[in-house]
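The values are calculated or read from the model by the stated rules, or taken from the named source; none is laboratory data. What you see is a predicted model; the values in this text were computed from it and never measured. With ideal geometry, Cβ positions are generated from the backbone for all residues, glycine too; neighbour counts draw on all protein chains shown. SASA here: full protein model, heavy atoms, side chains in, ligands and nucleic acids out. Shrake-Rupley method; radii C 1.70, N 1.55, O 1.52, S 1.80 Å.
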Amino acid sequence: QGKLVESGGGLVQAGGSLRLSCAASGSIFSINTMAWYRQAPGKQRELVASMTTGGSTNYADSVKGRFTISRDNAKNTVYLQMNSLKPEDTALYYCNANVTLLIPFGQFTYWGQGTQVTVSS
């Protein structure tokens, strides 16, 4: 079985920065797209940023120019650097990855447990 573990959330003032990390573990053959989603209270979960194995990225319009997604394929880890944070960025942030496992063999999509980001005004 695969697993995603996130870290790095917290409380920060508006204009501040945070860096989220998400490490994948298990009998991993390869990891395809890795992404960050977020869900604010009373709202639907939304895509924040994604990155393919080849390095192509996609960002929500609301975070372009402020957030940067990156990954370390050797460590099976994806990061989200969040700068110039705004109160509207407050949400539970989830890591998502499409993973090819050896045991059991197959392609699976996993979610992390979520890490809270709170931005005060």
**Report entry** Odd one out for T68 among (1) free of Cβ contacts under 8 Å to residues at least 40 places away in the same chain; (2) within 17 Å of Q113 (Cα to Cα); (3) of a type in the set (S, T, Y)
**Finding:** (2)
**Report entry** Any hit, the stretch 62-78, residues being open to solvent by 20 Å² or more (accessible area, probe 1.4 Å), among the small types (G, A, S) and farther than 24 Å from F29 by Cβ
**Finding:** yes
Query raised in the report: Which one is most open to solvent (accessible area, probe 1.4 Å), of the residues in the stretch 80-105 that are at pLDDT below 95 and aliphatic (A, V, I, L, M)?
Result: I103
Report summary line: Going through the stretch 22-38 in order, the residues found to be open to solvent by less than 30 Å² (accessible area, probe 1.4 Å) and either in contact with a Ser or Thr (Cβ under 8 Å, 6 or more places away or on another chain) or polar (S, T, N, Q) (or both) are C22, A24, I31, M34, A35, W36
Query raised in the report: Residues of the stretch 106-121 being in contact (Cβ under 8 Å) with a residue 40 or more places away in the chain and either open to solvent by 60 Å² or more (accessible area, probe 1.4 Å) or within 18 Å of S70 (Cβ to Cβ) (or both), which ones?
Result: Q107, F108, W111, G112, Q113, T115, Q116, V117, S121
Query raised in the report: Tell me, which strands (runs of 3 or more DSSP E) lie completely within the stretch 32-121 with 3 or more residues that are within 21 Å of L11 (Cβ to Cβ) and touching a strand residue (DSSP E or B) at 6+ places or on another chain (Cβ under 8 Å)?
Result: 77-82, 91-101, 115-120
Query - Selection status of S7, without any contact (Cβ under 8 Å) to a residue 12 or more places away in the chain, open to solvent by 40 Å² or more (accessible area, probe 1.4 Å) and hydroxyl-bearing (S, T, Y) - result: no
Report task. Scan (1) assigned to a loop (DSSP other than H, G, I, E, B); (2) over 14 Å from the mean Cα position of the chain (by Cα) for the single condition F29 breaks and write down its number. Result -> (1)
